[in-house]
Amino acid sequence: MIQIIPLEQTLPGMVLGEEVMSGSNILLPLGTVIDTAHIDSLRRCGVSEIVVLVSSERSAAELNEQREVLSERVEHLFRRAGSHVTMQALRRAVLDYRLEKFK
């Protein structure tokens, strides 16, 4: 389900339910997970409201699927890290950070 909200009420972690446009330019694509930098940027661009996805209860299968997608993305980002201890620690920290919203 989608909902239009004022930019002032936008919180980090919300997901865009529609592209944010400025004229014919896409400022943020559909599905973007909003962070504070996005909010600041949209404010500077004069955006007053956005469309966000209102989360409904997700099933355990959906949550597991989303966790798997995030895990695969992090693995892709660190595909050239090899077995370097520091890089593996960073990979784990990034994965833990991204999975935090599923706890």
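FYI, it's all coordinate maths here, none of it is from the lab. This structure is a prediction, so every number in the text was calculated from the model and none was measured. Note that each Cβ is placed from the backbone with ideal geometry, even for glycine, and that neighbours are counted across all protein chains shown.
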By residue number, the members of the range 1-53 that are closer than 22 Å to Tyr97 by Cα and small (Gly, Ala, Ser) are Gly13, Gly31, Ala37
Go through the range 3-32 and count every residue that is aliphatic (A, V, I, L, M) and surrounded by 13 or more Cβ atoms within 10 Å (Cβ to Cβ). 9
Within the range 58-103, take every residue that is under 20 Å from the mean Cα position of the chain (by Cα) and among the β-branched types (Val, Ile, Thr) and give me the one that is nearest to Asp35 (Cα to Cα). Val94
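Listed here are the residues, each with its yes/no results for (1) within 30 Å of Ile5 (Cα to Cα); (2) free of Cβ contacts under 8 Å to residues at least 60 places away in the same chain; (3) exposed (fewer than 13 other Cβ atoms within 10 Å of the Cβ); (4) in contact with a helix residue (DSSP H, G or I) (Cβ under 9 Å, 6 or more places away or on another chain).
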position	(1), (2), (3), (4)
His38	yes, yes, no, no
Val47	yes, yes, no, yes
Glu62	yes, yes, yes, no
Glu75	no, yes, yes, yes
Val94	yes, yes, no, yes
